[in-house]
Amino acid sequence: DSGVTQTPKHLITATGQRVTLRCSPRSGDLSVYWYQQSLDQGLQFLIQYYNGEERAKGNILERFSAQQFPDLHSELNLSSLELGDSALYFCASSVAGEIETDTQYFGPGTRLTVL
Amino acid sequence: ILNVEQSPQSLHVQEGDSTNFTCSFPSSNFYALHWYRWETAKSPEALFVMTLNGDEKKKGRISATLNTKEGYSYLYIKGSQPEDSATYLCAFFRASGTYKYIFGTGTRLKVLA
């Protein structure tokens, strides 16, 4: 158990809908990262927040957005969902804000299925 | 297009064998390389963060080396055990104007008892 929690574990929804995934980092960690694992694309980095501010951006679609709250938990919002958004979404956290050199601890993931 | 390639894609070894895998990445604008271990139905687990050419890191029976000039990193497992069965992923950071953090497709290792 890494200490990173994600809810919900599974989510099934329809195309065109909007969902919110939630992540709580390990106690003391200031950075939160979001990743998408799909069958055809492998693991992709989406975005990083550090102490409430966006720090680094990867392959995140415009239909997706994220934020980190004062208590350091983070939410990933996915809107206008398409079939291709079906994937496993991971959250990770680290102590500091240096994605290049920090050790990241991954949560158990949220499995999103878009029908 | 930035490519991070891992080889082999998969391999089976006998318990007690030593093995190694390769992660190849663009040698220009290198910043850092990460190795992860990912067991089936679990989450990725960070193994190593490597930043300097010639870096060697070790964690128990697993070690890694880095050659940034030629663009590759090796991961070695000594005396493989069934619990080493997992997918081993590398992720490459490029230091340039456009931020890039790219994962390889992984090497799937199965250790047979």
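Where in the stretch B:41-104 are there GluC sites (Glu not before Pro) that are in a DSSP coil and have at most 16 other Cβ atoms within 10 angstrom of their Cβ?
Sparse-neighbourhood loop GluC sites (Glu not before Pro): B:GLU70.
Taking N as the number of residues in the protein assembly as shown, what is its alpha-carbon radius of gyration divided by 2.2 N^0.38 Å?
Numbers: Rg = 17.6 Å, N = 228, 2.2 N^0.38 = 17.3 Å.
Ratio of Rg to 2.2 N^0.38 Å for the protein assembly as shown: 1.02.
Across the stretch A:16-23, in residue order, what do the Karplus-derived ³J(HN,Hα) couplings come to in whole Hz, using 6.51 cos²θ - 1.76 cosθ + 1.60 with θ = phi - 60° and x for Gly and Pro?
So the J values, rounded to whole Hz, are x, 7, 10, 9, 10, 9, 10, 9.
If the viscosity is 1.002 mPa s and the temperature 20 °C, what Stokes-Einstein diffusion coefficient in µm²/s follows for chain B when Rh is the Kirkwood radius over Cα pairs?
On the way: Rh = 14.1 Å.
Calculated translational D: 152 µm²/s.
Among the lysines, which fall within straight-line cross-link reach of A:LYS9, defined as a Cα-Cα distance under 28 Å, with same-chain neighbours fewer than 8 residues apart omitted?
Partners within reach: A:LYS57, B:LYS42, B:LYS110.
Over the Cα atoms of the stretch B:33-80, what radius of gyration and what Dmax do you get, in Å?
Over the stretch B:33-80's Cα set, Rg and Dmax evaluate to 11.5, 36 Å.
Which of the listed residues, A:ALA92, B:PRO44, A:THR103, is farthest toward the dipole's positive end in the protein assembly as shown, when Lys, Arg count +1 and Asp, Glu count -1 at the beta-carbon?
B:PRO44
Can you give the extra length, in nm with one decimal, that the chain gains between A:THR5 and A:ASN51 once fully stretched, where that is 0.36 nm per residue apart less the Cα-Cα distance?
Values: separation 46, 0.36 × 46 = 16.56 nm, distance 1.75 nm.
Answer, rounded to one decimal: 14.8 nm.
Residue separation times 0.36 nm, minus the C-alpha to C-alpha distance between A:GLN17 and A:THR101: what's the value? Before the final figure, lay out the partial values.
On the way: separation 84, 0.36 × 84 = 30.24 nm, distance 3.64 nm.
Here the answer is 26.6 nm.
How far is the Cα center of the stretch B:72-113 from the Cα center of the stretch A:56-103, in Å?
22
Please report Rg (one decimal) and Dmax (integer) in Å for the Cα set of the stretch A:35-90.
Cα-based Rg and Dmax for the stretch A:35-90 come out at 11.7, 35 Å.
Once you have the Cα-Cα distance between B:GLN9 and B:LYS59, take 0.36 nm times their residue separation minus that, and quote the gain in nm to one decimal.
Extra length from B:GLN9 to B:LYS59 when fully extended: 15.7 nm.
Antiparallel as a % of all DSSP beta bridges within the stretch A:1-75, to the nearest 5? Let's see the in-between values first.
Details: 19 of 19 bridges.
Taking every DSSP beta bridge with both residues in the stretch A:1-75, the antiparallel ones total about 100 percent.
Return, ordered by residue number, the residues of the stretch A:65-108 whose backbone nitrogen is under 12 Å from a label point located 7 Å along Cα→Cβ of B:GLU39.
none
Mean separation of Cα pairs under 8 Å and 6+ residues apart, divided by the residue count of chain A: what relative contact order is that in percent? Please list the in-between numbers first.
Working: 299 pairs, mean separation 42.2, N = 115.
Contact order relative to length: 37 percent.
Values in this text are rule-based calculations from the coordinates and carry no lab data. Here the structure is a predicted model, which means the values were calculated and not measured. Don't worry about glycine lacking a Cβ; one is built from the backbone with ideal geometry, like all the others, and counts go over all protein chains shown.
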